[in-house]
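> Following this message is one structure expressed as structure tokens.
The values are calculated or read from the model by the stated rules, or taken from the named source; none is laboratory data. Worth saying up front: this structure is predicted, and the values here are computed from it rather than measured. Cβ placement follows ideal geometry from the backbone for every residue including glycine, while neighbour counts extend to all protein chains displayed. Areas reflect the complete protein model, heavy atoms only, side chains present, ligands, DNA and RNA absent. Shrake-Rupley method; radii C 1.70, N 1.55, O 1.52, S 1.80 Å.
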Amino acid sequence: MATPTYIKKNLTVLRFLTVIFLSCIVDQNNLCSNYPFVSTKISSHSGSSMIPSSLKQLSLDGYLSTKNIDHAANDFGNIYHHLPSAVLHPKSVSDISSIIKHVFGMGPTSELTVAARGHAHSLQGQAQANQGVVINMESLHQEMHFQTGKFPYVDVSGGELWINILHESLKHGLAPKSWTDYLHLTVGGTLSNAGVSGQAFRHGPQINNVHQLEVVTGKGELITCSEKQNADLFNGVLGGLGQFGIITRARISLEPAPLMVKWIKVLYSEFSSFTKDQEHLILSEDAFDYLEGFVIINRTGLLNNWRSSFNPKDPVQASQFHSDGKTLFCLEIAKYFNPDEADRVNQEIDRLLSEMSYIQSTLFLSEVSYVNFLDRVHISELKLREKGLWEIPHPWLNLLIPRSRIHEFAKMVFGKILTDSSTGPILIYPANKSKWNNRTSMITPDEDTFYLVSFLSSAMPSSTGKDGLAHILTQNKRILEFCETARLGVKQYLPHHKTQEAWRNHFGPQWEIFVKRKSMYDPLAILAPGQKIFQKGRAIS
């Protein structure tokens, strides 16, 4: 069936929106819920009889419900749909602890599992719990506590959205250091993966900017942990894919917040120049504050699309630029500043740009507020929701490529496997391993510099063409098969593997540590079954 015309007309908006970063896709995320809190053991809503009888004896401040549980079987990926038995809307941390303790007490013969979710942005059903209990983390409302001074931080609920933290922090003139491209995600979700965006080259991912966590383990124990207290659990939970505990509270590092952002886009025709400039910028201490790159294959009219929100440095030259269907590489960079620093910042930007090898006629600039820059994707999300183009399949593939193999990867994937980039943005930008804490569960390639490459595709409903789900999944498979055959040393970000052997290969030398932590903190494999790393009732090995 052909793609409907009304959908085609909105593809431009759709492709822009899907720049929501990979790192932002998280294993503790779920659809937003507006359920009210009630002080009853079990919800009186219709369908409550479906709740396992073993759970009906629980006394909870929040409530257990089967109303609209089909929502908990969906996620942003919209590919896997596993229906839980019930959804818990916790009013307190003790609700979460109580239900996990209860499931743990049922022993290994029970098939009941638990998944914590926030805002529906897992890709492969990672936050679903087939016939288990899904915990709606956004119901866990806790007041934010700020510490200002020389080393500022904020204590927040694991179910808090990053966008709310931004707005509350700005009231104190502060903000978190590291972000995801999309801010309507929960703290516990992003910290269970890594939380990556264009600031990671400078501050590392979000998991590098956490001082302390409060965690409910797979035994139902509530434990406070940090680098100095229960450090093994602390490091295990960060990037741990929800396998060792549910993050109920986090202490996030803050810094003085800027007011404005200089936002710049430039194009390259040569991949070597593109990567050389990126690698130079991430090593320069006084360079930009944000850096991401994009691959643009067989696309035209790019600069015209930018003109709605960016100004060309040289309008005449920009009007004469033609892509001619070539593969181009876009570098998106940003510099933070306050109004009284504008002149100095403009001089710094001019100096940095003079050292770069982009196509001069493609320099486009914009000046926006710090909030508008960080929350840039949300407006497009609202437009897509109005058109019914948000809840469609998103078969994303996120890879970490060693710097030494990135040109080999690009030659094959961008030159032969992919024929265009019309199904969604392709992100590519480098990171410094020195900025990543190697004690966490997060796995990266074994090189000092590696590239994050994300294929952020959207599949059109009912399409059997190149923008259909089957075609995109096949394309993803070809990319993964090439990486494996060529032995590129690639690791998946937001990983999805179907066998434990594949997971063992993913973790490599860290597998034994991962298994040891699982046996210590979640010995019955109760938590995050949707990751498909361990199965309840089977020996952890």
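> Do me a favour and compute the ellipsoid semi-axes for the range 302-441 from its Cα gyration tensor, root of five times each eigenvalue, largest one first, whole Å. Before the final figure, lay out the partial values.
On the way: eigenvalues 142, 102, 93 Å².
Value: 27, 23, 22 Å, ordered largest first.
> Note down the relative contact order for the range 393-540 as a percent, whole number, built from C-alpha pairs under 8 angstrom at least six residues apart. Could the numbers behind the result be given before it?
Values: 186 pairs, mean separation 42.1, N = 148.
With pairs under 8 Å counted, the relative contact order is 28 percent.
> If you don't mind, another one. With the crude spin-label approximation of a point 7 Å out along Cα→Cβ, what separation in nm comes out for E227 versus L382?
Each label point lies 7 Å from its Cα, and together they span 4.0 nm.
> Which value at 222 nm does the chain reach when only helices count, each DSSP H run of 4 or more adding -39,500 (n - 2.57), with the total divided by all residues and rounded to the nearest 500 deg cm²/dmol? Could you put the intermediate results ahead of the total?
Working: 17 runs with 142 residues, N = 541.
Mean residue ellipticity at 222 nm (helix-derived): -7000 deg cm²/dmol.
> Let me ask something else. How long is the gain from K101 to S404 if the chain were fully straight, where each residue apart is worth 0.36 nm and the alpha carbon distance is subtracted?
Details: separation 303, 0.36 × 303 = 109.08 nm, distance 4.73 nm.
Gain in length upon complete extension: 104.3 nm.
> As an exercise, use a Förster radius of 41 Å and the Cβ-Cβ distance of T499 and L259 to find the FRET efficiency, rounded to the nearest 0.05. Walk me through the numbers before you get to the answer.
Numbers: r = 50 Å, r/R0 = 1.22.
Approximately 0.25, to the nearest 0.05.
> Can you compute 3J(HN,Hα) from phi for each residue in the range 112-127, using the Karplus curve 6.51 cos²θ - 1.76 cosθ + 1.60 with θ = phi - 60°, rounded to whole Hz and x for Gly and Pro?
Per residue, the Karplus-derived 3J(HN,Hα) values read 5, 10, 9, 10, 9, 9, x, 9, 6, 10, 6, 9, 10, x, 4, 9 Hz.
> Right, here's the next one. Ordering I526, I540 by accessible area with a probe of 1.4 Å, largest first, what comes out? Kindly include the intermediate steps, with their values, before the conclusion.
Details: I526 0, I540 40 Å².
Listed by decreasing accessible area, they come as I540, I526.
> Now a separate question. May I ask you to list the trypsin sites (Lys or Arg not before Pro) in the range 482-527 that are in a DSSP loop and have at most 11 other Cβ atoms within 10 Å of their Cβ? It would help to have the intermediate numbers written out before the result.
Values: sites: R487, K491, K498, R504, K516, R517, K518; in loops: R487, K498.
Listed in order of number, the matching sites are R487, K498.
> Would you tally the net charge around E447, using a Cβ to Cβ cut-off of less than 15 Å, leaving E447 out, and scoring K and R as +1, D and E as -1? Don't skip to the answer; put the middle values down first.
Numbers: positive: R403, R405, K433, K435, R487, K491; negative: E279, E408, D446, D448.
Cβ neighbours under 15 Å give a net charge of +2.
> What is the percent carbon and sulfur in the accessible area of the chain, measuring with a 1.4 Å probe over the protein chains and ignoring ligands? Working shown, then result.
Details: 10560 of 21570 Å².
Carbon and sulfur atoms account for 49 percent of the accessible area of the chain.
> Taking every Cα atom in the range 367-445, find the radius of gyration and the maximum pairwise distance Dmax, and write them in Å.
17.1, 44
> For the range 168-273, what is the accessible area per residue in Å², given a 1.4 Å probe and the full set of protein chains? Don't jump to the answer; show the numbers that get you there.
Details: 2710 Å² over 106 residues.
Heavy-atom accessible area per residue stands at 26 Å².
> Right, here's the next one. Over all Cα pairs of the chain, how is the pair count split among 10 Å bins, expressed in % and running from 0 up to the last occupied bin?
That works out to 4, 19, 29, 27, 15, 5, 1, 0, in percent per bin.
> Quote the FRET efficiency, to the nearest 0.05, computed for S519 versus H211 with a Förster distance R0 of 22 Å and r equal to the Cβ-Cβ distance. Each step should come with its number before you reach the end.
Details: r = 27 Å, r/R0 = 1.24.
My answer for the efficiency is 0.20.
> For a label point 7 Å from the Cα of D61 along Cα→C-beta, name the residues of the range 84-125 whose backbone N is under 17 Å from it.
Under 17 Å, as judged by backbone N against the label point of D61, lie 88-101 of the range 84-125.
> Please report, largest first and rounded to whole Å, the three semi-axes of the ellipsoid equivalent to the range 411-522, where each semi-axis is the square root of five times an eigenvalue of the C-alpha gyration tensor.
With the √(5λ) rule applied to the range 411-522, the semi-axes are 29, 18, 13 Å.
> May I pose another question? Return the FRET efficiency for the residue pair E270, Q492: r is the Cβ-Cβ distance, R0 is 41 Å, and the value is rounded to the nearest 0.05. Walk me through the intermediate numbers first.
Values: r = 28 Å, r/R0 = 0.69.
According to the calculation, E is roughly 0.90.
> Helix check for the chain. Which DSSP H runs span at least 20 Å along their own axis by Cα, with a mean Kyte-Doolittle hydropathy no less than -1.0?
Working: long enough: 469-485 (24 Å, 0.03).
Helices meeting the criterion: 469-485.
> Expressed as a rounded percentage, what relative contact order does the chain have, with Cα pairs under 8 Å and six or more residues apart?
Numbers: 1255 pairs, mean separation 100.6, N = 541.
It rounds to 19 percent for the chain.
> Testing the spin-label approximation: label points 7 Å from Cα along Cα→Cβ at R439 and N346. State their distance in nm.
4.6 nm
> What's the longest bit of the chain with no exposed GluC sites (Glu not before Pro), using DSSP loop states and at most 11 other Cβ atoms within 10 Å as the test? Mind showing how you got there, number by number?
Details: sites that count: E143, E285, E355.
So the longest stretch without any such site is 356-541.
> Once fully extended, how much extra length lies between V368 and F321, figured as 0.36 nm per residue of separation less the alpha-carbon to alpha-carbon distance? Please list the in-between numbers first.
Details: separation 47, 0.36 × 47 = 16.92 nm, distance 2.55 nm.
Between V368 and F321, full extension yields 14.4 nm more.
> Sort H102, H407, H322 by accessible area with a 1.4 Å probe, largest first. Please report the intermediate quantities before stating the final value.
On the way: H102 35, H407 85, H322 130 Å².
The most accessible residue leads, giving H322, H407, H102.
> Still on this structure, I have one more. Could you provide, to the nearest whole Å², the per residue accessible area of the range 385-491 with probe 1.4 Å? Could you put the intermediate results ahead of the total?
Numbers: 4630 Å² over 107 residues.
For the range 385-491, the per-residue accessible area is 43 Å².
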